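All remarks here apply to the structure that follows.
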Amino acid sequence: MFPLPRSVSMGRMKAQLEAQQTNEQAALKAEVDREKQLAAMEESADELAEGKLAAAVDHAYAMAESARVWAERASAIVDATRAEQADQEADRSGESSPAR
């Protein structure tokens, strides 16, 4: 077997190096693309979380406002009931008083 001429083996090595560089560049590009995709997904998740947080805060304010309105209504009912009871007791006191 005769050794390959130096130009043939150098050509093969050059082709292998070029192929390796191409593969490394493709791997780096794929990694960069994955990182970009991950960053976009994280940004979307953050925006979604912020939106949900804002919605939760809005809901909490609405619930607090509703509770305030119901508390005012309940207070008005209690006040009206007490006034009615006081009137009824005044009427009963007037009925039980001896007439002159």
Residue with peak Gaussian network fluctuation, the chain [Cα springs, cutoff 10 Å], from GLU18, GLU65, GLU47:
GLU18
Would you list which aspartates and glutamates come within 16 Å of LYS36, measuring only between C-alpha atoms, while excluding same-chain residues fewer than 8 positions from it?
ASP46
Could you give the Stokes-Einstein D for the chain in µm² per second, using the C-alpha Kirkwood radius, 37 °C, 0.692 mPa s?
144
Charge tally for neighbours of LYS36 with beta carbon under 12 Å away, counting Lys, Arg as +1 and Asp, Glu as -1, is -3
Distance (nanometres) between label positions extended 7 Å along Cα→Cβ at THR81 and LEU28
7.9
Extended-chain gain in nm, criterion 0.36 nm per residue less alpha-carbon gap, ALA62 and MET41
4.4 nm
Gained length - VAL69 relative to GLN20, 0.36 nm times residue gap less alpha-carbon distance
10.4 nm
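Since every read-out is calculated from the coordinates, none of them should be taken as a lab result. The structure displayed is predicted, hence computed values, not measured ones. No Cβ is skipped: glycine too gets one built from the backbone with ideal geometry, and neighbour counts run over all protein chains shown.
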